[in-house]
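K.L.:
Handing you a structure now.
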Amino acid sequence: MQDFRITHCPDVMSTFIHRSELTRSFTVKEHTVMYVIEGDIDIGGGSKVTTLRAGDCAFIRRNHQVTIRRHAGFGEGGHLSIAINIPRQSLVAYYRGLPGRDVPRSLSAKDYPEIERIPVSLESVSFFDSFRPFYEAEVLPEREWLARKVSELISSLLRMDARLFPVLFDFTSQWKTDILEFMEESFRDGLSISEIAYYTGRSLATFKRDFAKISDLTPEKWITRRKLEAARDALLSGAGSVTEAAVSAGFVNMSAFCRAYRRQFGHSAGKDLKK
């Protein structure tokens, strides 16, 4: 089996076929559904690891840092899995077509975990089997076909679990993501302010107006201060070196970190490490 990856639309579909272990750490930018056909997958998010075996399926919420290890099967079997991303524009289009009475009003996105197994059903098996002709023939599906499949997937997810309404449609005013809650979860991830606005369901201008109501700092300064606080907490707890504390807090430039740390706390990071 030749190792290869089909990625017709980077924002929609990826197919993984290989014999050896494949490991990757990244931030999930869009809601993603993963399905394993052969082999297995370990999905690490936070302190939890979710293992998917052949026939298993899982939903991963967007903007979460994960480590994914794809393992080949035993014997002659390799690894085969499919990842379907659900782009925000597809969710917006789908939401606009929903009758208001079909949208539950009492749910909160907080009730849904970062990674959740999806029960195996004839519907889910049939959905992913429809991709088989393409990856077996190494033919790339058309965007229109993929768009229909994404809409079909959204329908299936909502029928299966109503808790996904506020998760998938968090760009609406009713379920708009809380800014500070989101930034507390993601300040280490290196997101731009435009990306944060996008992921909290706001235009950039609306995000800045909303942020000004809850903080005297600019969003950029708030993120920097929050990173410095996280680094200081790590140093005072003895969790590692200055470099390790900086990296764990989301800094990528040590010189900039050291200068910012001294400005914020009035002394070097190394002084707190010695406490």
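K.L.:
Taking Gly97 as meeting all but one of (1) more than 20 Å from Ser14 (Cα to Cα); (2) touching a strand residue (DSSP E or B) at 6+ places or on another chain (Cβ under 6 Å), write down the number of the exception.
P.N.:
(2)
K.L.:
Next up: Being touching a Gly at 6+ places or on another chain (Cβ under 7 Å), in a loop (DSSP other than H, G, I, E, B) and outside the structural domain of Asn63 (by TED's automatic domain parsing) narrows it down to one of Gly240, Gly250, so name that one. Spell out how you get there, then give the answer.
P.N.:
Working: Gly240 fails: touching a Gly at 6+ places or on another chain (Cβ under 7 Å).
One residue alone meets the criteria, Gly250.
K.L.:
Between residues in segment 28-53 that are in the same structural domain as Asp11 (by TED's automatic domain parsing) and over 22 Å from Ser248 (Cβ atoms) and residues that are among the β-branched types (Val, Ile, Thr) and not in a strand (DSSP E or B), which pairs lie under 8 Å by C-beta distance while being six or more apart or on different chains?
P.N.:
So the pair list comes out as His31/Val167; Val33/Ile118.
K.L.:
Collect the residues in segment 211-227 that are surrounded by 15 or more Cβ atoms within 10 Å (Cβ to Cβ) and charged (D, E, K, R), keeping them in residue-number order.
P.N.:
Result: Arg225, Arg226, Lys227.
K.L.:
What is the residue count in segment 187-219 for residues that are under 16 Å from the mean Cα position of the chain (by Cα), at pLDDT 85 or above and part of a helix (DSSP H, G or I)? Working first, answer last.
P.N.:
The initial filter retains those residues of segment 187-219 that are under 16 Å from the mean Cα position of the chain (by Cα), namely 187-192, 195-201.
The next check asks that each one be at pLDDT 85 or above; those that pass are 187-192, 195-197.
Within this subset, residues satisfying the condition of being part of a helix (DSSP H, G or I) are 195-197.
Looking only at that region, the number is 3.
K.L.:
Tell me, which residue of segment 239-262 that is in contact (Cβ under 8 Å) with a residue 12 or more places away in the chain and of a type in the set (Gly, Ala, Ser) is surrounded by the fewest Cβ atoms within 10 Å (Cβ to Cβ)?
P.N.:
Only one residue fits best here, namely Ser241.
K.L.:
Collect the residues in segment 168-192 that are touching a strand residue (DSSP E or B) at 6+ places or on another chain (Cβ under 7 Å) and crowded, with 17+ Cβ neighbours inside 10 Å, keeping them in residue-number order. Walk me through it before giving the result.
P.N.:
Of all residues in segment 168-192, those touching a strand residue (DSSP E or B) at 6+ places or on another chain (Cβ under 7 Å) come to 168, 189.
Listed by number, the list holds a single entry, Leu168.
The values are calculated or read from the model by the stated rules, or taken from the named source; none is laboratory data. What you see is a predicted model, and the numbers here were worked out from it, not measured in a lab. Quick reminder, even Gly has a Cβ in these numbers, built from the backbone with ideal geometry, and neighbours come from all protein chains shown.
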